[in-house]
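Asker: This is the structure, below, for whatever I ask next.
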Amino acid sequence: MRVAERLTGGARRPGASRGDGQAAGDRSRPPRPHALHRYGQNHLVDGNILRAIVKQAAVGPDDVVLEVGAADGQLTRPLLERARLVHAFEIDHRYASRLAKLAAEHPNLAVHSGDALRQDLAALDPPPTALVANLAYNIAIPLIMTTIAGLPQLSRWAVMVQKELGDRLFAAPSTKAYAAVSVLVQLACRREEVRAVPPAAFRPQPRVDSSFITFVRRGTATAPGEAPPPSAAGYAAMDQLVRLAFGQRRKVLTNTLAGAARAGVTLSRDDVRRALDDLELSPAARPEELAPPQWMALAQALGWPAGAFESDGHA
């Protein structure tokens, strides 16, 4: 699977070489370092799109923003104007001095060096309430899943991702894009808006289209007919069950889930058949055929594990 480019903020001065950009209309800042392939860097050069995604992110004065991939702060700056505080992570040390200078000018910016996925995000103080970031394909799913499960106070995601991934997050059952991550994200979150972003908006241009997608954590107050989100314990149990099933997505659930064990519960084929029958689902059902609420109901019917699915308002 191709690792997509990270989509970082910024723009290129007229005549500059690719990867050597700076903000449009601002020649006071030095040229940006050339893009590094190992970090999948592609810089957003379309000012209209930058303004549109900042608006779509809907950051407010009470928000504490987690930004991953701050680069030289093109997205960070407008976030600082709107948020209470921004926790900005950047793995590329070449941007350290620029971000340090920006932090000196803005007391509501906390800069964190290194790989965000290797940090204890739950220890951030104050805790993030929103994730606004331009994400490389290879870290997008781990970061989204980590923040859903591990940051209960984070209630809003506004992320630039490869279009393929954006489609997968909220894919419908029985479609090619529907996967374990589709089930897990939709159990916890509700999609708000998607904005298509073409390759021409970046320098260097990625080989794929992108999407800026916003979604919010579902609370205990749900729409009619919509199941409440699982508790933290229930979400961890769902994660194991769903990933196990989708690991062999072409096989029927009675085969993929037989022998699965958690918290003293070991499933047999008969257990799975009975649970499917109770839910009026076919004994030949495959993982991609079940919608997220049906996955929740199946886990409860299986007692996976018993008592873990009382909603506490957080995934």
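Since every read-out is calculated from the coordinates, none of them should be taken as a lab result. This one's a predicted model, so the numbers in the text were calculated from it and none came from an experiment. Here the Cβ positions follow ideal geometry from the backbone for every residue, glycine too, while neighbour counts run over all protein chains shown.
Asker: Give the order of Asp62, Asp115, Asp239 when sorted by the count of other beta carbons within 10 angstrom, beginning with the fewest. Intermediate results must be reported in sequence, preceding the final value.
Answerer: Numbers: Asp62 9, Asp115 12, Asp239 19.
Final ranking by Cβ density, sparse to dense: Asp62, Asp115, Asp239.
Asker: In addition: If packing is taken as the mean number of other Cβ atoms within 10 Å per residue, what is the order of 80-91, 102-113, 172-183, highest first?
Answerer: Values: 80-91: 21.8, 102-113: 15.7, 172-183: 17.7.
Most protected by this proxy first, the peptides run 80-91, 172-183, 102-113.
Asker: Ranking request for peptides 270-279, 133-142, 162-171: highest mean number of other beta-carbon atoms within 10 Å first, then the rest in descending order.
Answerer: Peptide ranking by packing, descending: 133-142, 162-171, 270-279.
Asker: Also: Would you grab the residues whose amide H sits under 5 Å from the one on Val197? Only those 5+ places off in sequence or on another chain, please, with H modelled 1.01 Å from N.
Answerer: For Val197, whose amide H was placed from the backbone, the distant partners under 5 Å are Ser210, Ser211, Phe212.
Asker: In which sequence would Thr146, Thr254, Thr266 go, from the one with the fewest C-beta neighbours within 10 Å to the one with the most? Working shown, then result.
Answerer: Details: Thr146 15, Thr254 19, Thr266 10.
Taking fewest neighbouring Cβ atoms as first place, the list is Thr266, Thr146, Thr254.
Asker: Taking θ = phi - 60°, what integer Hz values does the Karplus form 6.51 cos²θ - 1.76 cosθ + 1.60 yield along the stretch 192-205, in sequence order, with x for Gly and Pro?
Answerer: 10, 8, 10, 10, 6, 10, x, x, 5, 7, 10, 9, x, 6
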